[in-house]
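The values are calculated or read from the model by the stated rules, or taken from the named source; none is laboratory data. Bear in mind that the values here come from a model prediction, so they are computed numbers and not experimental data. For neighbour counting, all protein chains shown are included, and Cβ atoms are generated from backbone atoms with ideal geometry for every residue, glycine included. Calculation scope for accessible area: heavy atoms of the full protein, side chains included, ligands and nucleic acids excluded. Shrake-Rupley method; radii C 1.70, N 1.55, O 1.52, S 1.80 Å.
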Amino acid sequence: MVSVTAPERPPVPELFAGVVGQAPAVATLRAAARHPVHAYLFLGTDGAGARPAAQAFGAALLCPTGGCGQCATCRRALGGSHPDLVVVERTGAALGIDDARRLALLAQRRPFEANRQVLVVTDVHLAIRSAPALLKTIEEPPPATVFVLLCETVPAELVTIASRCVEVRFPPIAATVIEGWLVERGVHPDRAHMVADGCGGDLDRARLLAEDEGFVARHELWRSVPGRLTGDGSTAASVVRELLDAAESAVSPLRDQHALEMAEREAESESLRERTVPGRRDIVDRQHREERRWRTDEIRAGLGVLSRAYRDRLSHVLASGDPGDEIERCRRATDAITAAAASLERNPNESLMLESLMLRLSPAP
Ligand SMILES: [Zn+2]
């Protein structure tokens, strides 16, 4: 037998160290940095890596050697202090006409130091009304500007914009990757497994859940549902109440983070002798929107846990050798849960949605 030494794997490039579990996207971007086109659309959530990837890609585009990760240019770009890497955030609830105008002006600017500038535009999926203005800016690219548009989805209004960009996808990160990432950071393996299971492939969510004391109890609550449903409506209703209370309590770490953010803004305004925090209303609206989304994500993650509980139950009865009608029951249950999770996109009344699901999951009285 001949033993062959595996070739040493090249070290992970420092520049993209903040992008976890997205090797194809990182490979695409490293190649693209050598001969960039004028506009990229990163499709996926910030927590799946779109945002840190934009920062790293920006650094690669500005670095004199194409993204060494070590030089002053790379370090400043990664740290958010390079004048030629500008992150354009929306000022209102959506990316509005004013934001699009600001972007058009920025795009015409000459780079300060590098031979190009990179404009990263966040929340482009919210640019419904400003889409025509945005399209105009992107279609008439000034030679020294590269756009990176961050987009969670591509609504119909943005299809034309998307077609003008090179698309780079950031799908949800694999649960096993997140699990390993958490363990490396000292999270207990059992907990890491559970968090990876419930974070929907989102590293930002995984970070918060790993520190969230109530997380294990909520996970157990969803897993306990199949054993608790008896077939009577009042049991189903009380299970639903518990699930909704749990989802509500899941939002509190995010609320604490938001309160801290507002306190920092207030302190900053005070130090500048401003009477109020500029754009306070918009900040509060954004925070509320994020909190609503967090709650929906929590319910979606819970439905995933519930679905796995039925699948585990199925493998258990199959192993016991006498599945009876349990196979059909588990199959119907997972179908109903999948349909309920899909309906979350349409902003249903969560309480009614869960109640009808629980009745479908209940055994016949
Ligand atoms: Zn560099």
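Proximity of backbone amide H atoms, modeled 1.01 Å from N, is registered between Val87 and Val120 at under 5 Å, excluding neighbours fewer than 5 places apart on the same chain. Of the chymotrypsin sites (Phe, Trp or Tyr not before Pro) found in the stretch 8-116, those in coil by DSSP whose Cβ has at most 10 other Cβ atoms within 10 Å are Phe112.
When the chain is described by a simple charge dipole with +1 on each Lys and Arg Cβ and -1 on each Asp and Glu Cβ, the residue from Ala107, Val187, His82 located farthest towards its positive end is Ala107.
Send over the Kirkwood Rh of the stretch 1-159, from the inverse of the averaged 1/r over different Cα pairs, rounded to one decimal Å. Write out the running numbers ahead of the final one.
Values: mean 1/r = 0.0609 Å⁻¹.
Kirkwood radius, the stretch 1-159: 16.4 Å.
Taking max minus min of the alpha-carbon positions on each principal axis, the stretch 219-365 gives extents of 74, 27, 23 Å, largest first.
Which FRET efficiency value, to the nearest 0.05, is calculated for Arg223 and Ile128 with the Förster distance at 35 angstrom and r the Cβ-Cβ distance?
Values: r = 39 Å, r/R0 = 1.11.
In this case the efficiency is close to 0.35.
The slack in the chain from Cys68 to Ile97, taken as 0.36 nm per residue of separation less the alpha-carbon distance, amounts to 6.7 nm. Taking label points 7 Å from Cα along the Cα-to-Cβ direction, Glu213 and Arg273 give a separation of 4.4 nm. If you run the Gaussian network model on the chain, springs between alpha carbon atoms under 10 Å, then out of Pro143, Pro132, Pro253 the most flexible one is Pro143. Evaluated with a Cβ-only charge set (Lys, Arg +1; Asp, Glu -1), the chain carries a dipole of roughly 1020 debye about its Cα centre, given to the nearest 20. Take Met194: with every protein chain present and a 1.4 Å probe, its accessible area is about 40 Å².
Here the sum of -39500 (n - 2.57) over DSSP H runs of 4 or more residues, divided by the residues of the chain, equals -18500 deg cm²/dmol at 222 nm, to the nearest 500.
Positive end of the dipole of the chain (Cβ unit charges, origin at the Cα centre): among Ala333, Pro348, Gly58, the Cα lying farthest that way belongs to Gly58. Near Val168, the amide H atoms lying under 5 Å from its own belong to Leu41, Phe42, Leu43; only residues 5 or more places off or on other chains count, and H is placed 1.01 Å from N. The eigenvalues of the Cα gyration tensor, multiplied by 5 and square-rooted, give the chain an equivalent ellipsoid with semi-axes of 42, 27, 20 Å from largest to smallest.
Rounded to the nearest 20 Debye, what is the dipole magnitude of the stretch 37-157 about its Cα centre when Lys and Arg each give +1 and Asp and Glu each give -1 at the C-beta? Mind dumping the intermediate values first?
Working: 11 positive and 11 negative charges, 65 e Å.
For the stretch 37-157, the charge dipole is close to 320 debye.
Annotation for the stretch 289-304 versus the stretch 342-365: alpha-carbon center distance of 15 Å. Per-residue surface analysis assigns Thr176 an accessible area of about 100 Å², computed on protein heavy atoms at 1.4 Å probe radius. The stretch 91-105 and the stretch 125-156 have their alpha-carbon centroids 11 Å apart. Between Pro172, Pro24, Pro226, the GNM of the chain built on Cα springs shorter than 10 angstrom shows Pro24 fluctuating the most. DSSP finds beta bridges in the chain, and of those with both partners inside it, around 0 percent are antiparallel.
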